[in-house]
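Shown next, in structure tokens, is the structure this report addresses.
The values are calculated or read from the model by the stated rules, or taken from the named source; none is laboratory data. Since the structure is predicted, the reported quantities are computational estimates derived from the model, not experimental observations. Cβ placement follows ideal geometry from the backbone for every residue including glycine, while neighbour counts extend to all protein chains displayed. Ligands, DNA and RNA are excluded from the accessible area calculation, which covers all protein heavy atoms including side chains. Shrake-Rupley method; radii C 1.70, N 1.55, O 1.52, S 1.80 Å.
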Amino acid sequence: MKMVFRWFGAGNDTVSLEQIRQIPGVEGIVWALHDVPAGDEWPMEKILEVKRAADAAGLHIKVVESVNIHEDIKLGLPSRDRWIANYKRTIEKLAQVGVEVICYNFMPVFDWLRTDLGRLMDDGSTALFYEAARVRDIDPAELVREIESDSTLTMPGWEPERLKALSSLFEAYRGVTEDDLFEHAKYFLDEIIPVAEQHGIRMAIHPDDPPWPIFGLPRIITSQDNLRRFLALHDSPANGVTLCSGSLGANPANDIPAMVREFADRIPFCHIRNVRVYDNGDFIETSHRTQDGTVDIAGIVQAYHDVGFTGYARPDHGRHLWAEQVRPGYGLYDRAMGIMYLWGLWDALERQRGPLARGLAGAAGHAEPPLRRERPAAVAASEAAAAGEAAPAGREEARP
């Protein structure tokens, strides 16, 4: 298992690359160009800006989340070929900078849905919350206004150009069924997967969040059966899954460890997170600790270990802790603690197979404690340049 951490870019994230590189075991960032409208070809210079910043921090950029799909593709409109051509060129560019996995989704209109971005929990932290009755009763436009007003940072999957056309999009999807969506997905895959294969990239579909229809819109990546059907649309190792335990776990009927075992060779990337589901259909996102939610996180990690998973993993949404002002779900503290919980489970499983040979040997190989290091000037310069700021002069004081 190779650990990565989502980063939204300089000037668009409260978490810095310097902080990410200090989380044990994190090798790279999961990134995207969030200012590029869905469907547009990604500019190479913007791609290289991210690469330069990550390289300076000693982090790779092998996982992209997400290259979003234009609604015309999901709707199966004649104009989809134009947007698919852009997608192909973006794949080619990403391959040039070493990208190995592209996460994406096929959700109509909304990439994810919550009714509260900061529901107060018993311990004083806050978390993303979904209230089933409210989704049944509320006007989607009203919910969009509430969500947009809750954050000054970009919200992944809530692109302004899409949301401005909300009424027309709902009208366009009127009468579109799940079977139609599968058919449109097959057209997209048949065009895209050969390009991905040629360039050594694996496409990884993200499950619908939540995994059921909302506001009358169809959803197709919702269950083990539907994942099986989707992967069969274009049978190739390049047609894979971003297995998200939080999205799928909102439906207690989903057996996620079973999915890990069945689709092991088609999971290049996974999200591991926990939710607590209530009897009325509400759910709230919790810490990653197994006992705090209703998702069997320990069983999921066990399944990944059993199948010898060597793909990329990241902690997904976390709670908001200790007055941290963050993009909803994407603070530093709870996700970093989540990583350490996942590593703890993984290390325990490794120990069951024998001594932690690699880790213990590595530790024994240190003749003396590692030196405290200054923050590399290149990291500060790259982040500042990407944010359009002047690089700090001189050297920063070494930090413990």
Inset, instruction - From the list 248, 243, pick out the single residue that is under 23 Å from residue 112 (Cβ atoms), touching a Cys at 6+ places or on another chain (Cβ under 6 Å) and crowded, with 24+ Cβ neighbours inside 10 Å. - result: 243
Legend entry - Single unsatisfied condition, residue 237 versus (1) in a helix (DSSP H, G or I); (2) open to solvent by 60 Å² or more (accessible area, probe 1.4 Å); (3) modelled with pLDDT of 95 or more: (1)
Legend entry - Filter result (assigned to a loop (DSSP other than H, G, I, E, B), touching a Pro at 6+ places or on another chain (Cβ under 7 Å) and buried (at least 18 other Cβ atoms within 10 Å of the Cβ)) within region 255-296: 273, 288
Inset, instruction - Scan region 75-93 and report the pairs whose first residue is under 16 Å from residue 105 (Cβ atoms) and without any contact (Cβ under 8 Å) to a residue 60 or more places away in the chain and whose second residue is open to solvent by less than 20 Å² (accessible area, probe 1.4 Å) and part of a helix (DSSP H, G or I), with Cβ atoms within less than 7 Å and a gap of 6+ or a chain change. - result: 83/73
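This table checks each residue for (1) in contact with a Gly (Cβ under 7 Å, 6 or more places away or on another chain); (2) open to solvent by 40 Å² or more (accessible area, probe 1.4 Å).
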site: 317; (1), (2): yes, no
site: 320; (1), (2): yes, no
site: 326; (1), (2): no, no
site: 334; (1), (2): yes, no
site: 337; (1), (2): no, yes
site: 340; (1), (2): no, yes
site: 346; (1), (2): no, no
Inset, instruction - Could you tell me whether residue 187 is among the aromatic types (Phe, Trp, Tyr), within 21 Å of residue 86 (Cβ to Cβ) and touching a residue at least 24 places away in the same chain (Cβ under 8 Å)? - result: yes
